[in-house]
1. Starting from residues that are surrounded by fewer than 11 Cβ atoms within 10 Å (Cβ to Cβ) and modelled with pLDDT under 95, keep the ones in the range 26-49 and report whichever is nearest to SER104 (Cα to Cα).
2. List the pairs whose first member sits in the range 84-101 and is basic (Lys, Arg), whose second member is modelled with pLDDT of 95 or more and surrounded by 11 or more Cβ atoms within 10 Å (Cβ to Cβ), and whose Cβ atoms are under 7 Å apart, counting only residues at least 6 apart or on separate chains?
3. When the residues of the range 50-83 are narrowed to those that are aliphatic (A, V, I, L, M), touching a residue at least 24 places away in the same chain (Cβ under 8 Å) and outside any loop (DSSP other than H, G, I, E, B), which ends up surrounded by the most Cβ atoms within 10 Å (Cβ to Cβ)?
4. Could you list, in sequence order, the residues of the range 68-83 that are of a type in the set (A, V, I, L, M, F, W, C) and more than 18 Å from PRO44 (Cβ to Cβ)?
5. When the range 87-113 is examined, which residues are found to be assigned to a strand (DSSP E or B) and either out of contact with any Asp or Glu (no Cβ under 9 Å at 6 or more places or on another chain) or aromatic (Phe, Trp, Tyr) (or both)?
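The values are calculated or read from the model by the stated rules, or taken from the named source; none is laboratory data. What you are looking at is a predicted structure, and each value in this text was computed from that prediction instead of being measured. Note that we place each Cβ from the backbone using ideal geometry, even for glycine, and neighbour counts take in every protein chain shown.
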Amino acid sequence: MLRRTTLTTVTMTLAAGALLLTGCSSGDAEGDVVRMWIEPELAPCEGVAPMECMEVSYTEDGEPQLFYDQIDGFTFTPGTAYVLDVRVTEVENPPADASSLSYSLVEVVSEDPQ
């Protein structure tokens, strides 16, 4: 009986450990795709130094937020509003002054010159 209890305990411990490790993974290795609404003009912002940032909303009617990063594969043209699908992936061990996320263009859903 003791042997069966020990075996059950070991099995449950291994299962719990596997579950915890799975919970710690970042999910899809390819990252998540999000839709971004980009305002037509850059806004002044301050990162390491003064710069200009895109203003981005994550819903069509959302409040724009300053976006300090770059989107790989996308070139912003002032005076044009965009709707983009962007892949967001976690960066392993980013430098202290860099983002822990990277962004890459999946699709330009729409371009609207203003």
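1. Applying the filter and picking the extreme gives GLU30.
2. ARG87/VAL33; ARG87/SER104; ARG87/VAL106
3. Per the criteria, the residue is VAL83.
4. In the first step, residues of the range 68-83 are kept if they are of a type in the set (A, V, I, L, M, F, W, C); the result is 71, 74, 76, 81, 83.
Answer for the range 68-83, where residues must be of a type in the set (A, V, I, L, M, F, W, C) and more than 18 Å from PRO44 (Cβ to Cβ): ILE71, PHE74, ALA81, VAL83.
5. If we filter the range 87-113 for residues that are assigned to a strand (DSSP E or B), which is where we start, we get 87-90, 101-113.
Across the range 87-113, the qualifying residues are GLU90, TYR103, SER110, GLU111, ASP112, PRO113.
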